[in-house]
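Reading through the structure tokens given below for one structure.
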Amino acid sequence: MSEMRPAGMAGPPGMQANKPSFRAALSVFENRTYRYLWTSSLFSFTGMQMQMVARALLAWELTGSYGAMGLISVSFGLPMFVFALIGGSLADRFDKRNLTLSSQVVTGVLALINAVMLVTGTITIGWLFVLGLAGGTSSAIGMPARMPLMAQVVGPQNLMAAMAMSTSAMNATRLFGPALAGALAGAWNLESVYFLQTALYACSVLTMLAVPSGIGRMPAGMRRKSMWHEIGEGISYVARDHHLRMLNLMMFMVAFFVMPYVTLLAGFVQEDLGKTPREYGFLQSVSGAGALVASLGIASLTAYDRKPLIQWISGLVGGAGMIGLALGSSAFGFGGALAATLVLGLSLTVYQTVNSTLTMDAARPEMYGRVMSINMLSFSAMPLMALPLGQLADAAGVRTVFAAQGILVIAILLVMGVLRPGYTFGRLASHAQPVGPAPARPSRRDDEEAPAPAGGK
């Protein structure tokens, strides 16, 4: 378990105080299994980015209401909130690779159904809500397994590098995924976007099949407690650990007050800025550019011992970005909105990546799934908050909502910094999770000839 240590105090045996290095972070790609995971994620992330744009555009096209856009966001977030803890328990009980694979299959099928309903003219806001519920349920089962799977493939020493490279893949897709979706929707139709999503999820599934099953699975014959007992055990575990409590509070606060802005952008761009779906896709891509820069930078900070401070500062910058989105777009139009979303993409990516890394680093491996599912509960606040924010935007104006979000999150973070200075401004030991002596560096064929970890095939 991670613990705070004064500056200069050595960590447990086996910890390595490496200098920040992006080149060192790239070494995770020497692991063949990680390469398959990363490639599969690249396909699925592209589909996800296109889906977010298509879903928002479709909701706006069907209703012209910010409130309805928020409702569709809730349809995706509500199952994640309800089933996340179950998904975490399943991730700790069963094969994480198969759970992730199943989630991707379901998501691809749902994209195909949406495309067919658009072609046949049977799609309604009600059906879009139902499809959102199904997609959210699938994600709630699959997402708690993905990051623990990655952690168990690369080991604790390479955890932040692996997560940063994965985040880089996701944010690279934010450069072209939304732009492609917006261009297809503007030049052709929305169903073409959903058909392309289906193909991308199919590629993700095929790549994931190359990942060995059984990684991190509990050894055969080991008795487990009931699922509900394990869920309660996970909640109790997080509640007792003040670092995990703080991390979840930090994630909840930003996910609740800042991140829901993305659900309002489609209407904001078209109604308030007078632009088209193509410009909306481009705006999302600019946010992705900031996110990509951030994730590549974070990859070099594996051994940096002031990660909580990085998270805190990035949250403040995110709040300032929200104010900038309101004021900048009013003063400079679409150009001001572009600048603000660039800042938001950069700052929120840093915030989320550091939060997830610290969470995984503070947890015991057998608790990874449940701990990340609780972290997901915090993150699911984003779509749940989209409905009241959408209704407020309909009543008071979307720029007023953006500015209020920014002011509120800055105020909360400043208070948290004052109340918990030891956490915010203290130092964490590098690789705080004890790991034993570092193994000898394997050859580039290590993962081709060595047996798969923990029961792998």
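Where a number appears in this text, it was derived from the coordinates with a stated rule and is not lab data. As the structure is a prediction and not an experimental result, all values here were calculated from the model. All Cβ positions, glycine included, derive from the backbone under ideal geometry; neighbour counts span all protein chains shown.
Annotations
- With the simple model of a label 7 Å out from the Cα in the direction of the Cβ, Val418 to His229 spans 4.6 nm.
- Database remark: amide H of Ser213 closer than 5 angstrom to the amide H of Lys457 (H placed geometrically; neighbours at sequence offset of 5 or more, or on other chains; Pro and chain starts carry no H).
- Burial order of peptide ranges 410-418, 180-188 (average beta-carbon count within 10 Å, highest first): 180-188, 410-418
- With the simple model of a label 7 Å out from the Cα in the direction of the Cβ, Ala187 to Val109 spans 3.3 nm.
- The gain in end-to-end length when the Phe94 to Thr120 segment is fully stretched comes to 5.5 nm, 0.36 nm per residue minus the alpha carbon separation.
- Burial order of peptide ranges 385-394, 199-208 (average beta-carbon count within 10 Å, highest first): 385-394, 199-208
- Burial order of peptide ranges 115-126, 159-170, 232-243 (average beta-carbon count within 10 Å, highest first): 159-170, 232-243, 115-126
- Distance (nanometres) between label positions extended 7 Å along Cα→Cβ at Thr276 and His242: 5.7 nm
- Listed from fewest to most Cβ neighbours within 10 Å, the set Glu30, Glu271 follows the order Glu271, Glu30.
- Sequence of Thr137, Thr263 once ranked by neighbouring C-beta atoms within 10 Å, starting from the fewest: Thr137, Thr263
- Sequentially through segment 252-264, phi angles give Karplus couplings (6.51, -1.76, 1.60; θ = phi - 60°) of 4, 4, 6, 5, 7, 9, 10, 4, x, 4, 5, 6, 9 Hz, Gly and Pro residues having no value and appearing as x.
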